[in-house]
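S.K.: My questions all concern the structure below.
Taken together, the values in this text are just the output of simple stated rules run on the coordinates, not laboratory data. Nothing here was measured: the structure is a model prediction, and the numbers come from that model. Backbone-built Cβ (ideal geometry, glycine too); neighbour counts: all protein chains shown.
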Amino acid sequence: MSDILLRNLRPMGGAALDMRIKAGKIAEIAPSLQADDLPVEECKGAIAIPGLVEAHTHLDKTVMGLGWYENAVGTDLRAMIDNERAERHRLGMDPHRQSMRHALALVGAGCTHARSHVDIDTEHGLAILEGVLATKDALQGIIDIEIVAFPQSGLLVRPGTLELLDEALASGADLVGGLDPSGMDRDPKGHLDAIFGLAETHGKGVDIHLHEAGTLGAFSLELIMERTRALGMQGRVAVSHAFCLGMNDWHATEALIAGLAECDIAILTTGAPSREVPQVKRLHAAGVRLGVGCDGVRDTWSPLNRPDMIDRTRIIAMRNNLRSDADLALALDICSAGGARVMGLQGYGLEVGCMADLTLLDAETLAEGAISDAPRPLVLKAGRVTARNGAALRKAP
Ligand SMILES: [Zn+2]
């Protein structure tokens, strides 16, 4: 929690103003504030936005700092999952060290919050979770990390996983994850009943990876809605990817979107260029809470993603045909405030009284900020400077 005066910054691309931060919160925004005895940071007319929110990633998976990973595994989902489980040993992937590297890269690029899925399986037990929990602790006051206990290798097909998820939720995981109820476990009702049962027992939210496309994915989504209604979990369930919402059958998709809005189920997208993806403007117009993530970064799955939510804003814009300045500003909003709405963050924003979690953008307008690869000049978490010129101040191990 810090006290600081930020001089000459432009909240959301508006007029240049000063911002006084007291005890980690925005206390005053006005032209030409007196510094009194506060430290002063000159912002040179940069745009200020609330901190970027990485709403779907896997901090435990990156191979950053381990040299180039030669990927010979192909694109089959099960093959990629099996390969990763084995490679974690061969590469000596320490989950704490690797997640520190990934999380601090996000901080350097302007993130103040992240939701990370963390693998829970019968081979690694809770070891990966423990490493990421250590990172969450170590980075308190730098980036807030929310953890989803994620049965990446399947749930019912791997006896013992359910018990481990239960233990993970008792040991500090914030949400319970799930994965392709039909495609992975081949038992959609059993998989979802187990996941929602854990959520109910622990009083925690749900975030399910749903890669299933077309009518199979639509069926899973309907089962998720049924359980959300039955347990009164409106506002506490999210579906990641939801490729089925990108299918061409617009009548079916429209009905699904209306159901999501009614159940207040959030959607998290990466705008994956290789798949059909939910159309963000359609979801936004229907009032569905919507966040964005970069997904795994430099991992055994692919070297293509970057730990940078502005890079991802551009991908979302390209994938959704967002071109106008207003639409680019919307993409930027989804990559920041959108994730905050999905995660239910309190005190998020640039108004007086909000937490002073903010990112500066070196750009003329929000639209330029949404597509520019210029390093973020300054990032603050609760008023404390956490990154300058694209690099976190805390050094990664
Ligand atoms: Zn994922």
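S.K.: Take every Cα pair under 8 Å in segment 105-233 that's 6+ residues apart, average their separations, divide by the length, and report that relative contact order as a whole percent.
M.R.: 21
S.K.: Considering only DSSP beta bridges with both partners in the chain, what is the antiparallel share in %, to the nearest 5?
M.R.: Beta bridges within the chain, antiparallel portion: roughly 40 percent.
S.K.: Here's another thing I want to ask about it. Treating only the Cβ atoms of Lys and Arg (+1) and Asp and Glu (-1) as charged, compute the dipole magnitude of segment 52-343 about its Cα centre; round to the nearest 20 debye.
M.R.: 620
S.K.: In a GNM of the chain with a 10 Å cut-off on Cα contacts, which of Ala329, Ala285, Ala48 has the highest mean-square fluctuation?
M.R.: Among Ala329, Ala285, Ala48, the largest GNM mean-square fluctuation belongs to Ala285.
S.K.: Continuing with this model, one more query. Hey, what angle do you get for helix 214-230 against the long axis of the chain, alpha-carbon based, 0 to 90 degrees rounded to 10?
M.R.: Approximately 80 degrees, to the nearest 10.
S.K.: What's the exposure ranking of Trp250, Trp68, Trp301, going from fewest to most Cβ atoms within 10 Å?
M.R.: Fewest to most other Cβ atoms nearby, the residues stand as Trp68, Trp250, Trp301.
S.K.: Using only the alpha carbons of the chain, determine the length spanned along each of the three principal axes and report them from longest to shortest in whole angstroms.
M.R.: Extents along the principal axes, in whole Å: 63, 48, 40.
S.K.: Per the Debye formula with a single identical scatterer at each Cα and no solvent contribution, what log10 I(q)/I(0) holds for segment 258-355 at q = 0.14, 0.15 Å⁻¹?
M.R.: Debye curve over Cα of segment 258-355, log10 I(q)/I(0) at q = 0.14, 0.15 Å⁻¹: -0.55, -0.63.
S.K.: Next up: To the nearest 20 Debye, how big is the dipole of segment 174-333 about its Cα centre, given +1 on the beta carbon of each Lys and Arg and -1 on that of each Asp and Glu?
M.R.: Using Cβ point charges on Lys, Arg, Asp and Glu, segment 174-333 gives about 300 debye.
S.K.: Here's another thing I want to ask about it. Under 15 Å from the Cβ of Glu87, count the other residues' Cβ atoms, weight Lys and Arg +1, Asp and Glu -1, and hand me the total.
M.R.: -3
S.K.: Given contacts defined as C-alpha pairs under 8 Å and at least six residues apart, what's the relative contact order of the chain, whole-number percent?
M.R.: Over the chain, the number comes to 22 percent.
S.K.: Still on this model: In whole Å, what is the distance between the alpha-carbon centres of segment 290-318 and segment 86-156?
M.R.: Comparing the Cα centres of segment 290-318 and segment 86-156, I get a distance of 16 Å.
S.K.: May I pose another question? Taking the number of other C-beta atoms within 10 Å as the exposure measure, put His96, His89, His241 in order starting with the fewest.
M.R.: Lowest count first: His89, His96, His241.
S.K.: Between Arg78 and Glu254, what is the spin-label point distance in nm, taking each point 7 Å from the Cα along the Cα→C-beta axis?
M.R.: Here the answer is 3.8 nm between the modelled labels.
S.K.: Report the number of Lys pairs in the chain whose alpha-carbons are under 27 Å apart, with separation of 8 or more residues or on distinct chains.
M.R.: 20
S.K.: Relative to the longest principal axis of the C-alpha atoms of the chain, give the angle of the C-alpha long axis of helix 188-202, reported between 0 and 90° and rounded to the nearest 10°.
M.R.: 50
S.K.: Please state the relative contact order of segment 5-94 as a whole percent: Cα pairs under 8 Å, 6+ residues apart?
M.R.: 24
S.K.: About the Cα centre of segment 1-64, what is the dipole size in debye to 20, counting +1 per Lys and Arg Cβ and -1 per Asp and Glu Cβ, all else neutral?
M.R.: With only Lys, Arg, Asp and Glu charged at Cβ, the dipole is about 200 debye.
S.K.: Extension gain Thr201-Asp264, at 0.36 nm per residue separation less the Cα-Cα distance, in nm?
M.R.: Here the answer is 20.6 nm.
S.K.: Test of the criteria: in segment 31-91, which GluC sites (Glu not before Pro) are in a DSSP loop and have at most 10 other Cβ atoms within 10 angstrom of their Cβ?
M.R.: Here the sparse-neighbourhood loop sites are Glu70.
S.K.: Next question, about the same structure. Taking the Cβ of Gly259 as the centre, find all other residues whose Cβ is under 13 Å away and add up their charges (Lys, Arg: +1; Asp, Glu: -1).
M.R.: -3
S.K.: For the chain, set up a Gaussian network in which alpha carbons nearer than 10 Å are linked by springs, and say which option among Asp36, Asp295, Asp311 fluctuates the most.
M.R.: Answer for the Gaussian network model of the chain: Asp36.
S.K.: Going by alpha carbons, how many degrees (0 to 90, nearest 10) lie between the helix axis of 127-138 and the longest principal axis of the chain?
M.R.: Orientation of helix 127-138: about 10 degrees from the principal axis.
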